[in-house]
Amino acid sequence: MKSYKPTSPSRRNMTTVSYRGVLTTSTPEKSLTKGYKRHVGRNNRGRITVRHKGGGNKKLFREVDFMYNKKDIPAKILSVEYDPYRTGFIGLVSYADGEKRYILLPKDLGVGDQMIVSENGEIKTGNRVPLSKIPVGTFVYNVEIKKNGGAKLCRSAGNCGQIIANDAGYAHIKLPSTEVRKIPEGAWACIGRASNDEQWLVNVGKAGKSRHMGIRPTVRGSVMNPCDHPYGGGEGRQGRGLKRAKTLWGKPVGKGQKSRTPKKYSNYLIVSRRKVGKRK
């Protein structure tokens, strides 16, 4: 991690990931980039559905391969790069047939290393194999939910799941949230842990940096009026005044409250619900 001299109160505790010595290039592969329209939290009618988004630096979108549909063709990592749209590092790989693609890199894999997507691939960091071929206890990332559905789980920096059992055609995976979920053994996963695990130690430090990241300010509900938030109103500083935490729309949130739909279609795949709070 990189820290800064305390030239101002906001700089005093500010930290960033030290990219020097990790990234190998600052220029992305032109054929794998494109412009990208940011919706800044708006839906197709222009209404804000996700608050606190907007502004920020202009970013170039990198087309990262999460399908991994080039099977049984070895690939070599050419570069380790930063991607402004995700927390983990990406790598430019060149397959033996000459095609280049971006992939989400695992920890401890660098320029010159080899990887392969194969049913009979070796169980080593970076390789992608079906869950049925992965031993119990192995850490995996870029996990599919169904066969050939593309990587969906354990994709952010430093994240991984652990295979804890195989039973009746399903692999039981303990996810970063501590939830244990059944996933069909025909689904694929990459061996290892997603790169840039120091991302979780970053202290943004100042409001201006949040604006550069495209994050707009958050106003506390307790300082609003009663018509604007369930916590609003009162003379002077007030507490929540309610037994349970609520969102702006009165839905339960945080503090260990269950917010999952009771009859969600995938409930039968949940072996153990996630543990919430400080002791998870």
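Worth a mention:
- The residue list P226, P230 contains one member that is out of contact with any strand residue (DSSP E or B) (no Cβ under 8 Å at 6 or more places or on another chain), farther than 30 Å from G137 by Cβ and in a loop (DSSP other than H, G, I, E, B), which is P226.
- Only residues that are over 20 Å from P176 (Cα atoms) and not charged (D, E, K, R) were counted across the range 131-147, and they come to 1.
- T261 vs. criteria within 30 Å of K59 (Cβ to Cβ) and out of contact with any Asp or Glu (no Cβ under 9 Å at 6 or more places or on another chain): no
- Tally of residues being more than 21 Å from G91 (Cβ to Cβ), assigned to a strand (DSSP E or B) and among the hydrophobic types (A, V, I, L, M, F, W, C) across the range 168-211: 4
- Scanning the range 158-191 for residues that are more than 20 Å from V271 (Cβ to Cβ) and modelled with pLDDT of 95 or more, we see that the one that is surrounded by the most Cβ atoms within 10 Å (Cβ to Cβ) is C190.
Every residue, every condition in (1) closer than 17 Å to G41 by Cβ; (2) exposed (fewer than 12 other Cβ atoms within 10 Å of the Cβ); (3) touching a Pro at 6+ places or on another chain (Cβ under 7 Å); (4) not small (G, A, S), yes or no:
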residue: S210; (1), (2), (3), (4): yes, no, no, no
residue: I215; (1), (2), (3), (4): yes, no, no, yes
residue: N225; (1), (2), (3), (4): no, yes, no, yes
residue: H229; (1), (2), (3), (4): no, no, no, yes
residue: G233; (1), (2), (3), (4): no, no, yes, no
residue: G239; (1), (2), (3), (4): no, yes, no, no
residue: K243; (1), (2), (3), (4): no, yes, no, yes
residue: T247; (1), (2), (3), (4): yes, no, no, yes
residue: G250; (1), (2), (3), (4): no, yes, yes, no
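- Residue in the range 135-148 that is within 23 Å of A75 (Cα to Cα) and at pLDDT below 95 present: yes
- Selection count where residues are within 22 Å of the chain's Cα centre (by Cα) and either aromatic (F, W, Y) or on the phi > 0 side of the Ramachandran plot (or both), scope the range 2-45: 4
- The residue pairs whose first member lies in the range 263-280 and is closer than 17 Å to P176 by Cβ, whose second member is at pLDDT 85 or above and part of a loop (DSSP other than H, G, I, E, B), and whose beta carbons are closer than 7 Å, counting only pairs six or more residues apart or on different chains, are I270/E179; S272/E179; R273/E179; R274/S177; R274/T178; R274/E179; K275/T178; K280/T178.
- Among the conditions (1) surrounded by 19 or more Cβ atoms within 10 Å (Cβ to Cβ); (2) under 29 Å from V202 (Cα atoms); (3) at pLDDT 95 or above; (4) not acidic (D, E), K152 misses just one, which is (1).
- Matching residues in the range 62-113 - criterion: being surrounded by fewer than 20 Cβ atoms within 10 Å (Cβ to Cβ), within 16 Å of the chain's Cα centre (by Cα) and among the hydrophobic types (A, V, I, L, M, F, W, C): V64, F66
- Selection within the range 29-47 - touching a residue at least 24 places away in the same chain (Cβ under 8 Å) and either in contact with a strand residue (DSSP E or B) (Cβ under 6 Å, 6 or more places away or on another chain) or of a type in the set (S, T, N, Q) (or both): E29, S31, L32, T33, K34, Y36, V40
- For first residues located in the range 105-120 and at negative phi, partners that are buried (at least 16 other Cβ atoms within 10 Å of the Cβ) and acidic (D, E) and lie 6+ apart or on another chain with Cβ distances below 8 Å form the pairs K107/D197.
- Hey, W200 among the aromatic types (F, W, Y) and within 17 Å of the chain's Cα centre (by Cα) or not: yes
The values are calculated or read from the model by the stated rules, or taken from the named source; none is laboratory data. Quick caveat, the model's predicted, so the values are computed rather than measured. Reconstructed Cβ throughout: ideal geometry from the backbone, glycine too, with neighbour counts over all protein chains shown.
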